[in-house]
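Inspection log for the structure reproduced underneath, given as structure tokens.
The values are calculated or read from the model by the stated rules, or taken from the named source; none is laboratory data. From a predicted model like this one, the values you see are computed outputs, not experimental measurements. Cβ: placed from backbone, ideal geometry, glycine included. Neighbour counts: every protein chain shown. Areas reflect the complete protein model, heavy atoms only, side chains present, ligands, DNA and RNA absent. Shrake-Rupley method; radii C 1.70, N 1.55, O 1.52, S 1.80 Å.
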Amino acid sequence: MGGLNTVRLLPGVLVALVALSVPAALAMPRFRIQAIPQLHYDTGNALWELDRRVMACTFCHVKDSGGAPWNPFGQAIQAAFQADAKAGGKAKFPEVLYATLKAGGDADGDGYLDALEVYARTLPGDRESVPDRPLKELQAAFEGAGGIAQYAPPEVKARR
């Protein structure tokens, strides 16, 4: 009789295991979880923690699946981490991301500063991904929305 009960329970146990593994499988890497609200990519999407379309891995990586290699914007963030470490700092990702954007670089060389590409929701590390608005118009809208300060991490905003 015990064997029959085990057979009846097995499908339920399997369904429970699958259900428990789904959130872990859909979870995003920590850096992306931090970047999405900092860059306001969560605006209008209450399920952003599970929605990989909000900010693709290709924001910083070459491959859709993430990991090495990194695109030029991802390399700029890595360089900022390395510079901070060499200077004896222990900056966290939100601070390094902000510093990278504040530096005014154009990692992919497409003529749009990285911060403007973030604002326009294009990929700052992909030369083919460019805003659909003229540069001057985009710059004016960016400044009107708060400029680079809108991307400061909460700790930096609190010190002002």
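Could you check Ala56 against (1) at pLDDT below 95; (2) over 14 Å from the mean Cα position of the chain (by Cα); (3) of a type in the set (A, V, I, L, M) and say which number it fails? It is condition (2) that Ala56 fails. Only a single criterion out of (1) among the hydrophobic types (A, V, I, L, M, F, W, C); (2) touching a residue at least 60 places away in the same chain (Cβ under 8 Å); (3) part of a helix (DSSP H, G or I); (4) more than 14 Å from Phe31 (Cβ to Cβ) is not satisfied by Ala83, namely (2). Among the residues of the stretch 128-144, just one is open to solvent by 50 Å² or more (accessible area, probe 1.4 Å) and either in contact with a Cys (Cβ under 6 Å, 6 or more places away or on another chain) or in contact (Cβ under 8 Å) with a residue 24 or more places away in the chain (or both), namely Leu135. One residue alone among Gly67, Gly147, Gly89 is small (Gly, Ala, Ser), modelled with pLDDT of 95 or more and surrounded by fewer than 20 Cβ atoms within 10 Å (Cβ to Cβ), and that residue is Gly147. Among the numbered conditions (1) over 14 Å from the mean Cα position of the chain (by Cα); (2) assigned to a loop (DSSP other than H, G, I, E, B), the only one that Gly125 does not meet is (1).
Tyr98 - would you say it is open to solvent by less than 60 Å² (accessible area, probe 1.4 Å), under 17 Å from Ala115 (Cβ atoms) and part of a loop (DSSP other than H, G, I, E, B)? Against the criterion (open to solvent by less than 60 Å² (accessible area, probe 1.4 Å), under 17 Å from Ala115 (Cβ atoms) and part of a loop (DSSP other than H, G, I, E, B)), Tyr98 does not qualify. Answer with yes or no whether Glu95 is over 22 Å from Pro72 (Cα atoms), of a type in the set (Asp, Glu) and touching a residue at least 60 places away in the same chain (Cβ under 8 Å). Taking the combined requirement at face value, the residue does not satisfy it. Of all residues in the stretch 37-61, those satisfying the criterion of being assigned to a loop (DSSP other than H, G, I, E, B) and either out of contact with any helix residue (DSSP H, G or I) (no Cβ under 8 Å at 6 or more places or on another chain) or of a type in the set (D, E, K, R) (or both) are Asp42, Thr43, Gly44, Asn45, Ala46, Leu47, Asp51, Arg52, Arg53, Ala56.
Scan Asp114, Asp84, Asp108 and give me the residue that is within 18 Å of Tyr41 (Cβ to Cβ) and among the charged types (D, E, K, R). First the steps, then the outcome.
On the way: Asp84 fails: within 18 Å of Tyr41 (Cβ to Cβ); Asp108 fails: within 18 Å of Tyr41 (Cβ to Cβ).
Of Asp114, Asp84, Asp108, the one residue that is within 18 Å of Tyr41 (Cβ to Cβ) and among the charged types (D, E, K, R) is Asp114.
Residues of the stretch 28-46 that are of a type in the set (Gly, Ala, Ser) and in contact (Cβ under 8 Å) with a residue 40 or more places away in the chain: Ala35 alone.
Could you tell me whether any residue of the stretch 105-118 is of a type in the set (D, E, K, R), open to solvent by 30 Å² or more (accessible area, probe 1.4 Å) and in contact (Cβ under 8 Å) with a residue 60 or more places away in the chain? Scanning the stretch 105-118 turns up no residue that is of a type in the set (D, E, K, R), open to solvent by 30 Å² or more (accessible area, probe 1.4 Å) and in contact (Cβ under 8 Å) with a residue 60 or more places away in the chain.
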